[in-house]
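Have a look at the structure below before the remarks.
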Amino acid sequence: MKEAHHGEGDTKTYRYGMVVNLDKCTGCGACMVACMAENNLPFRKDNSDRLRSQLWMRVYKISNGQPFPDADISYIPRPCQHCEGKDHHHATPCVSVCPATATDYSHETGIVSQIYTRCFGCRYCMAACPYHVRVFNWWDPVWPKGMKNYLNPDVSVRMRGVVEKCSFCYHRLQRARNKAYAEERRELHEDEYQTACTQACPAGAITFGDLDDPHHKVYKLKKDPNAFRLLEKLGTNTKVYYVSTRDWVRKAAHAYTGKNQGIMPG
Amino acid sequence: MKLDRRTFIEVALGFSIGAGTGFMLTPVNWKLMDDMTIWSQELWPRYQLGGLKGKLPQRGEVSNADTVCKLCPGGCGITVRKVEKRATKIEGRDGYPVNDGGICPLGASGLQLLYGPWRTPGPLKRSGKRGSGHFSRISWEEAIHEVVEKLSALRHHGEAHKVAAILDSDRGTVPQLFSRFLQAYGSPNFIRTASDQDTYELTLKLMQGADSSVGYDLEGANFILSFGSGLIEGWGAPVRVIQAHSIWRSGNGTKRAKVVQIEPRLSNTAAKADDWYPIKPGTEGALAMGLAHVIVKESLYDFSFIGSQTFGFEDWSDVTGKTYTGFKRLVMDEYGPANVSKITGLSAKKIVDLARAFAKAERPLAVWGRGKGTTSGSLYECMAVHALNALVGNINKPGGVSTRPEVAMQPWPEVVVDNIAWAGSSMPRADGAGTSRYPLTKYLPDRWPQIVSGSDGGGIKALLVQGADPCFTTMDSAAVAKAFEQIPFVVSFSTFLDETAFNADLVLPNHHYLERWEDVPTPIGLHKPVLGLCKPVVSPQFDTKHVGDVLMTIAKSLGGTVAEAFPWGDYESVLKDTMGEKWDTLEEMGYVAEADYRLSTWGSTFGTPSGKFEFYVSTFDQAGKEISEDVGYLPHYQPIKPEGNAVRYPLILIPTELMRLADGAVGNPPFCTKTMEENELKGNDLFVEVNPKTAAEYGLSEGLHATLTTPKGKGTVLVHLSEGIMPGLIGIPKGLGHTAYDDYLAGKGISANSLMGVVEDPVSGLCATWGIRAKLTRA
Amino acid sequence: MDSASAPFDSALFPEGTKRCQLRWFIVWLGILHGPLMVGVLAAVMCWGLALNVTYLNNNFPFGLWIAADLGVIALGAGAFFTGFLRYVVKIDELKNIVNYAVVIGVVCYAAAQGILGVDIGQPLRGWFIFWHANVHSMLTEVAFCITCYFMVLCIEYLPLILENRQINKLGFFHGMAHHLHEAMPTIAAIGVFLSFFHQGSLGGVPGVLYGRPFAFREGFLVWPWTFFLFILSAIACGPCFTILITWITERFARKQLVKRNVFDILAKISGRLLALYLVLKTMDTIYWIAVAGKAGAPFRSFYTNQPYGYWVLVMELGILGVIPMIILLNKRARQNENLLILACILNCSGIFMNRWIMTVQSLAVPVMSFDKFVSYHPNWVEYASTLMFVWVGVIVISISYRYLPIFPQEKELNPL
Ligand SMILES: Nc1nc2c(c(=O)[nH]1)N[C@H]1C(S)=C(S)[C@@H](COP(=O)(O)OP(=O)(O)OC[C@H]3O[C@@H](n4cnc5c(=O)[nH]c(N)nc54)[C@H](O)[C@@H]3O)O[C@H]1N2
Ligand SMILES: Nc1nc2c(c(=O)[nH]1)N[C@H]1C(S)=C(S)[C@@H](COP(=O)(O)OP(=O)(O)OC[C@H]3O[C@@H](n4cnc5c(=O)[nH]c(N)nc54)[C@H](O)[C@@H]3O)O[C@H]1N2
Ligand code: SF4
Ligand code: SF4
Ligand code: SF4
Ligand code: SF4
Ligand code: SF4
Ligand SMILES: [Mo]
């Protein structure tokens, strides 16, 4: 079967993005695990050092910094924000700095890609990303005996010394495209392409779809009065929205302003 | 001389310069560079995956298989994505009546448990000392032969009743095969591991005369009052409850339901709740009674239900004219807000407001079962909470509480017992359940000292363990370990090399749940009948056998009536027979759910002596249970004192539970451990949660190593300061401190159970521990 | 002279110069190989065991290595800038130090590329930066310019080799050296262009990171202000570094190699450029405070976490900026050799600190409100592999000094 390519020939372009409902998110971590399982993320005997371990989806635990019993916590699931950037000068932070074009912003899909075999590990993109989304392979991935049995063939296994990150499960888009193509369709339905984290979330806190398509749920959800994006003022123009009815949580979206503010790691 | 030197130098220079430029001009080095690159992109990564030949991971035919997750009592439907024969991903099954597409982190990690190095490779015989984990592989024939020899010997020495089996459940064909086996063999000692179900079942028996566990219509309720239940920490059927939680939270801005969490610590459930009321741990029963007081005083209760369907609400007198205190007078006299406020630490105003809000809500629901519900808990506390539900009349009502229904199945033929079996079965249970002391309790799984001591019928000589890991999940690990030493013969059927397997003489590994057939009865807490089917989606990865088949082979080799009790050829035919005409639907759909299921009406609900909902439990007398004082017949606040001396142990340690950390019979897989927060686990040390005030008193600071000591044991921990925990308490996560499995899990942190003790509920005899006195000192 | 006392390799020495015995020279090289080997070991560990052997992590993808890279390149600016003054501005006096400036430049740029070779996670693919070049990336700009300029430096270095007493005897090489000298102004001019560009691009590396309010600067066309500040700071300290190294070499050689008026010219120019730099840097800092504020990151938020308190500003601009500037601008002060050297040391440290701040501190400052502040310090592997290139440099310099006519004034200042 001739398989559909990355958007060529399709008349329609998409701006895929997410809306995460923080009132529903329970911090259960299923999204993190689903992502690791779907995208062949490695694990080590000791993963407790977050500064060295790889999570494409990281669920941040944040606290309002109030004393007992007024303390409150919330969770912020953080995949790659697939920043669109503002303009030529403010293109996607990571993409614009990569010297080897190993990461790219697709205007057909709004997805920020990462080519592991192209990346040579200079880590400039990591410096550019304010969301700590990009993680480096400090080790070669090693699977205990038998474990490589569950590896997903749709996602290449990364080698040491390269940077990786959330791809919005790009391979699932390709799968959907191929299917649509086989059925001689140009457009994808909302439910045909869903990310692994969205699908797994037991709370249904994550909604994924085309932010520009009025028929997709995210189109309305992103307009919720309580919707916000992380570090909006930087002009990264992210495509992951969050919704929370709690003021202090919405405040967490803004830049770090020093120690004298309430929000802190939980 | 000089001249030679010069020529030498000139030649040397000329040569080196020549060679240098020469090499740079050849294409060799450029070609080399390109090859090296490809090596770094293709060959090295493949080598890392353990195979240079063929592209890894292998591609191939993709297919999906539906089955049911067995990693917890949640009974979620799952869809396994396969590539050729490999299972590559577990996803929640869309449209499944329990979890509609959702999955939890543990369930999503199932493949690590399937392919991981912690699997029991095949039948094992202990070669080292107990717990050393030294085994030698033996054949299935040998393994089964060993068991048969031991069991027939015991049986012929009239010690059949000294055999016990402990399982994670008593429902479904596999547990039923075990209980049938013991019945035919001649032992009363079928034991089920502890959970809040123990106490709730007893409560329903006492107050409603029902032989069932509880079912909550969480989705239908619009005011949820949780007495410490970790609703989103993995309580009940975890994914189902989380989805209910999302229903409560949906409805833009204005939430669909109000959630109030009663708990001394800011758990995720507490954080998400609309109101979080931290009260002194262990006083939940008092609060429930206090709320009842306000509801009764202000006549906010359901008159029709209380009037027509209950017994013992008002004072009453028997035929002899002796009058008895009713529930109403008890709450009015003893549980005024001021008094309850003193006990619980919650302000009288809050108590009154909460009671009003609860009673006035359209569909209020009070839920019980501490944390994930992994301990039995206090009987009177459970009764008090259940009484609240009765007061608002939500028994067997939409959005209320009911008994958990099961999908009807084909009954099995009566067991024909021989004399030995008859004699053995009529002996008292080793754990003391059902004896005059605890006539109404079904199982007392945490009483290991009694089970092995020989007093009141104990003195177990052989133990069969299936689907449970009592050595890890039971409180007071030291006592359990000691008890196991006294059991001469322990057989584990564990799929994984867990703590109990390490303490077994023989391990006869069951298939992994993705490799076997098994029925999955209605998951705990559900109010609708759902029967799921666990199907093999991959061929057995190791030399394992279905525990059902192994057990029947054992029975058949024992011969006589024991053999006759099992007329089936193999486990699959057991399953087919039991499911009867439902089998076809089950096999095709993967589950059977009665869509048209209706809650039974009040009249037909209560099997109590009075035929009504009993605030005053007359079943006690009927069962010959000694109740010292009158109040003992009514729900009331009965303090359960934590072990330990308040002077030596100024603080109180409470277990905390995390959705990302499995604390049951299944060890936490690497993926889940990887998701744990930096302030929960660091290297091999876990963090305990302490309020900064408390920390200041004891000179503790964030990240500091400290020694945690309780009357039951001590361990080294790291300190995490949290404003989310009540001063004076220490929170320790449950599920770490494994000694078995392998070094992806073993040795990480300490086991909360090793620091906890078993405090028995005076009436049920079940473990009512909610915490223990402790001290925390700089290490 | 009597051949017994003359070193075995004296025939290679520059005309009319004195050098130590070959055995001592070999011993000296031997000593240098000690720490060098430790560095090699560290590098081999990085390549063999992957970068987990360092203290770098996902919060600090850049550490000592990148800071050092930016540092040495700035220090190496002495080469092109002296060349610029000598061949383009035609300050003839500088011919007496330009050779050495070139040697130092070669060393610095070689070091920069060597360090990158260890720093990147997939050294075998390092060449992708050229092959799959992304023209929008400052790093691409840097890579191309640095490589080209390194070639230029080599060409500037070549005549020195060819002028070795023996090689020069060979007619072909003699001629070649002569022609290269002819071409030198042109080559120098090319070098100047390239250098201005990559010094700037290096400034662009942090300056374009608009996701990092601490590093981000607005600017002119595609170039953030740091682009220009880096050029200026580099040429303001490069000459000082040349002076410093020459001075140190003189200590080892136990003889004066360059006349002081040459130092004075460089020092004076350095001082004026430094003054200009400090003015512009101060303006930039003030403007940056406003820009960062717009992005929601108040000034104080950058300095609330130790070790990166306000002292950083005082240190960088005050102690390591203003003080050397004053010394260098004041004739009497800079003609006091001790003060001059002190100024050079402060000035060079200042540049290094600035590069560290722009890279490492930029990453240390939390951006998301719920980020945890974490600090970073390099481990021995990073130190050893970085210093490795210092030892290589010393070796190259030692050999060059021994065999090549680097210091035209040496003979005159030290008659045999
Ligand atoms: N699903 C799907 N399958 C397809 C097609 C499709 O459209 N969709 N198209 C078909 C067609 S027409 C073609 S030509 C093939 C192309 O099939 P592929 O050759 O697989 O094309 P890509 O997947 O774009 O690139 C393959 C890999 O090359 C890596 N790569 C990028 N740069 C470099 C590099 O410099 N060196 C090395 N070694 N690797 C690098 C990328 O990481 C990527 O994973 O796919 C065919 N199969
Ligand atoms: N971003 C990105 N761009 C790429 C590549 C990449 O990997 N990534 N790969 C490059 C490569 S290797 C290739 S081969 C090209 C392929 O690029 P294309 O040649 O564009 O390949 P497709 O997009 O798969 O096919 C083009 C369109 O032809 C239509 N089509 C398919 N079959 C038929 C048919 O029978 N009749 C008619 N009328 N229409 C048909 C479909 O609408 C399809 O979208 O893309 C190149 N461009
Ligand atoms: S799975 Fe859903 S609920 Fe769980 S942490 Fe992720 S987003 Fe939150
Ligand atoms: S979040 Fe980070 S990695 Fe993702 S696109 Fe934005 S800058 Fe790039
Ligand atoms: S690390 Fe890889 S992806 Fe990131 S900038 Fe460097 S080459 Fe590009
Ligand atoms: S979208 Fe896909 S890759 Fe990104 S976090 Fe979710 S699961 Fe991971
Ligand atoms: S909740 Fe229980 S049953 Fe459901 S997926 Fe998780 S572990 Fe499996
Ligand atoms: Mo192609």
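The values are calculated or read from the model by the stated rules, or taken from the named source; none is laboratory data. Keep in mind that this is a model prediction, so the values were computed, not measured. All Cβ positions, even for glycine, are placed from backbone atoms using ideal geometry, and neighbour counts span all protein chains on display. Side chains included, ligands, DNA and RNA excluded: accessible areas come from the protein's heavy atoms. Shrake-Rupley method; radii C 1.70, N 1.55, O 1.52, S 1.80 Å.
Having 1 or more residues that are touching an Asp or Glu at 6+ places or on another chain (Cβ under 8 Å) is the bar; report the helices (runs of 4 or more DSSP H) wholly within region B:432-504 that clear it. If you could, list the steps in order and put the result at the bottom.
Details: elements: B:448-453, B:470-473, B:477-486, B:499-502.
In region B:432-504, B:448-453, B:470-473, B:499-502 are the helices (runs of 4 or more DSSP H) which contain 1 or more residues that are touching an Asp or Glu at 6+ places or on another chain (Cβ under 8 Å).
Looking at (1) more than 14 Å from every other protein chain (Cβ to nearest Cβ); (2) of a type in the set (Gly, Ala, Ser); (3) open to solvent by less than 10 Å² (accessible area, probe 1.4 Å), can you tell me which one C:Gly30 breaks?
(3) is the only condition that C:Gly30 fails.
Consider only pairs whose beta carbons are under 7 Å apart and that are at least six residues apart or on different chains; among these, list those whose first residue lies in region A:127-143 and is among the small types (Gly, Ala, Ser) and whose second residue is assigned to a loop (DSSP other than H, G, I, E, B) and within 15 Å of ligand 5 (Cβ to nearest atom).
Going by the 7 Å Cβ cut-off, the qualifying pairs are A:Ala127/C:Pro61; A:Ala127/C:Phe62; A:Ala127/C:Leu209; A:Ala128/C:Leu209; A:Ala128/C:Gly211.
Just to confirm my filter: which strands (runs of 3 or more DSSP E) fall fully inside region B:669-762 and include at least 1 residues that are surrounded by fewer than 20 Cβ atoms within 10 Å (Cβ to Cβ) and away from every other protein chain (no Cβ under 14 Å)? Outline the logic, then answer.
Details: elements: B:685-690, B:705-710, B:713-721, B:729-733.
Here the list reads B:705-710, B:713-721.
List pairs: first residue in region B:50-76 and at negative phi and modelled with pLDDT of 95 or more, second residue aromatic (Phe, Trp, Tyr) and within 16 Å of ligand 4 (Cβ to nearest atom) anywhere in the structure, Cβ distance under 8 angstrom, at least six positions apart or on different chains.
Going by the 8 Å Cβ cut-off, there are no qualifying pairs.
If a residue has to be in a loop (DSSP other than H, G, I, E, B) and either touching a residue at least 12 places away in the same chain (Cβ under 8 Å) or farther than 26 Å from C:Leu346 by Cα (or both) to count, how many in region C:307-327 make the cut?
2
Just to verify a result, which residue in region A:32-49, among those that are touching a Phe, Trp or Tyr at 6+ places or on another chain (Cβ under 6 Å) and within 8 Å of another protein chain (Cβ to nearest Cβ), is modelled with the lowest pLDDT?
Looking at residues that are touching a Phe, Trp or Tyr at 6+ places or on another chain (Cβ under 6 Å) and within 8 Å of another protein chain (Cβ to nearest Cβ), I get A:Lys45.
Which fully enclosed helices (runs of 4 or more DSSP H) of region A:169-226 have 2 or more residues being free of Cβ contacts under 8 Å to residues at least 24 places away in the same chain and within 16 Å of ligand 2 (Cβ to nearest atom)?
By residue number, A:170-182.
Take the residues in region B:77-89 that are in contact with a Lys or Arg (Cβ under 8 Å, 6 or more places away or on another chain) and more than 7 Å from every other protein chain (Cβ to nearest Cβ); name whichever of them is nearest to B:Gly525 (Cα to Cα).
B:Gly77
Do we find that A:Val133 is more than 8 Å from chain C (Cβ to nearest Cβ), touching a helix residue (DSSP H, G or I) at 6+ places or on another chain (Cβ under 9 Å), within 16 Å of ligand 1 (Cβ to nearest atom) and among the hydrophobic types (A, V, I, L, M, F, W, C) in this structure?
no
Just give me the residues in region A:199-210 being within 10 Å of ligand 6 (Cβ to nearest atom) and either open to solvent by 20 Å² or more (accessible area, probe 1.4 Å) or closer than 9 Å to B:Gly102 by Cα (or both), in sequence order.
A:Gln199, A:Ala200, A:Cys201, listed by residue number.
Only residues that are within 14 Å of chain C (Cβ to nearest Cβ) and within 23 Å of B:Gly703 (Cα to Cα): list them for region A:56-84, please.
Across region A:56-84, the qualifying residues are A:Arg58, A:Val59, A:Tyr60, A:Lys61, A:Ile62, A:Ser63, A:Asn64, A:Gly65, A:Asp72, A:Ile73, A:Ser74, A:Tyr75.
Within region A:92-129, which residues are open to solvent by 20 Å² or more (accessible area, probe 1.4 Å), more than 7 Å from every other protein chain (Cβ to nearest Cβ) and in a loop (DSSP other than H, G, I, E, B)?
Within region A:92-129, A:Ser106, A:His107, A:Glu108, A:Ile115, A:Tyr116 qualify.
The rows are residues; the columns are (1) small (Gly, Ala, Ser); (2) within 16 Å of ligand 6 (Cβ to nearest atom); (3) in contact with a His (Cβ under 6 Å, 6 or more places away or on another chain).
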residue: A:Asn64; (1), (2), (3): no, no, no
residue: A:Phe68; (1), (2), (3): no, no, no
residue: A:Ala71; (1), (2), (3): yes, no, no
residue: A:Cys122; (1), (2), (3): no, no, no
residue: A:Tyr131; (1), (2), (3): no, yes, no
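Restricting the search to region C:283-307, which residues are more than 12 Å from chain A (Cβ to nearest Cβ) and open to solvent by less than 70 Å² (accessible area, probe 1.4 Å)?
C:Asp284, C:Thr285, C:Trp288, C:Ile289, C:Ala290, C:Pro307 - these are the residues of region C:283-307 that are more than 12 Å from chain A (Cβ to nearest Cβ) and open to solvent by less than 70 Å² (accessible area, probe 1.4 Å).
Any residue in region B:350-360 that is touching a helix residue (DSSP H, G or I) at 6+ places or on another chain (Cβ under 6 Å) and either within 15 Å of B:Phe615 (Cα to Cα) or surrounded by fewer than 24 Cβ atoms within 10 Å (Cβ to Cβ) (or both)?
Yes: region B:350-360 contains one or more residues that are touching a helix residue (DSSP H, G or I) at 6+ places or on another chain (Cβ under 6 Å) and either within 15 Å of B:Phe615 (Cα to Cα) or surrounded by fewer than 24 Cβ atoms within 10 Å (Cβ to Cβ) (or both).
Can you find even one residue in region B:252-259 that is part of a helix (DSSP H, G or I), open to solvent by 10 Å² or more (accessible area, probe 1.4 Å) and within 10 Å of chain A (Cβ to nearest Cβ)?
Checked region B:252-259: no residue is part of a helix (DSSP H, G or I), open to solvent by 10 Å² or more (accessible area, probe 1.4 Å) and within 10 Å of chain A (Cβ to nearest Cβ).
So in region B:149-159, with the set limited to residues that are at pLDDT 95 or above and not basic (Lys, Arg), which one is nearest to the chain's Cα centre (by Cα)?
That would be B:Leu151.
Looking only at residues in region B:2-33 that are at pLDDT 70 or above and surrounded by 13 or more Cβ atoms within 10 Å (Cβ to Cβ), which one is nearest to C:Phe128 (Cα to Cα)?
B:Met33
Looking at (1) of a type in the set (A, V, I, L, M, F, W, C); (2) open to solvent by less than 50 Å² (accessible area, probe 1.4 Å); (3) within 14 Å of chain C (Cβ to nearest Cβ); (4) over 20 Å from A:Pro77 (Cβ atoms), find the lone condition where A:Val142 falls short.
That leaves (2) as the condition not met.
Of all residues in region A:239-253, which are assigned to a loop (DSSP other than H, G, I, E, B) and surrounded by 20 or more Cβ atoms within 10 Å (Cβ to Cβ)? Quick ask: steps written out before the conclusion?
As a first pass, look at region A:239-253 and keep what is assigned to a loop (DSSP other than H, G, I, E, B): A:239, A:244-246, A:252-253.
If the condition is that a residue be assigned to a loop (DSSP other than H, G, I, E, B) and surrounded by 20 or more Cβ atoms within 10 Å (Cβ to Cβ), then A:Lys239, A:Ser244, A:Ala252, A:Ala253 are the ones that fit.
Would you mind stating whether C:Lys95 is within 30 Å of C:Asn261 (Cα to Cα), open to solvent by 10 Å² or more (accessible area, probe 1.4 Å) and basic (Lys, Arg)?
On the way: within 30 Å of C:Asn261 (Cα to Cα): yes; open to solvent by 10 Å² or more (accessible area, probe 1.4 Å): yes; basic (Lys, Arg): yes.
So C:Lys95 fits the description; yes.
Give me the residue from region C:350-376 that is under 22 Å from the mean Cα position of the chain (by Cα) and open to solvent by 50 Å² or more (accessible area, probe 1.4 Å) and, out of that set, farthest from C:Tyr210 (Cα to Cα).
Per the stated criteria, the residue is C:Phe352.
Is there a residue in region B:374-387 that is of a type outside the set (A, V, I, L, M) and surrounded by fewer than 20 Cβ atoms within 10 Å (Cβ to Cβ)?
No.
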